[in-house]
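Right, one structure below, let's go through it.
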């Protein structure tokens with residue numbers, strides 16, 4: 001499965017894009033630039049029923065877009 005297919009499946013299941021998840025995570029206090037992958041993954045699993053792989057795909061977008069700080 002391609003990376004884009006993961007994102008397409010997430011959109012089909014939840015109606016949300018990674019940008020939407022960032023907005024929602026900010027609203028509920030989950031998002032901050034120093035957050036860890038596990039924080040986002042746990043929230044996506046609990047609130048949206050995403051599996052680990054799909055949650056990590058969203059995390060990959062957060063990293064690629066520079067929304068989270070790279071580990072030092």
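The table that follows gives values for the structure above.
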| item | result |
| --- | --- |
| Rotationally averaged projected area of the chain (alpha carbon convex hull; nm²) | 4.5 |
| Degrees, to the nearest 10: 37-48 long Cα axis against longest axis of the chain | 40 |
| Extension gain, residue 69 back to residue 47 (0.36 nm per residue minus Cα-Cα distance, nm) | 5.6 nm |
| Ascending count of other beta-carbon atoms within 10 Å, so fewest first, for 22, 16 | 16, 22 |
| Extension gain from residue 3 to residue 24, taking 0.36 nm per residue of separation minus the Cα-Cα distance | 5.3 nm |
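All of the numbers you see were taken from the coordinates with simple rules; none came from a lab. No experiment lies behind these values; they were computed from the predicted model shown. A quick note on method: Cβ atoms are made from the backbone with ideal geometry, for glycine too, and the neighbour counts reach across all protein chains shown.
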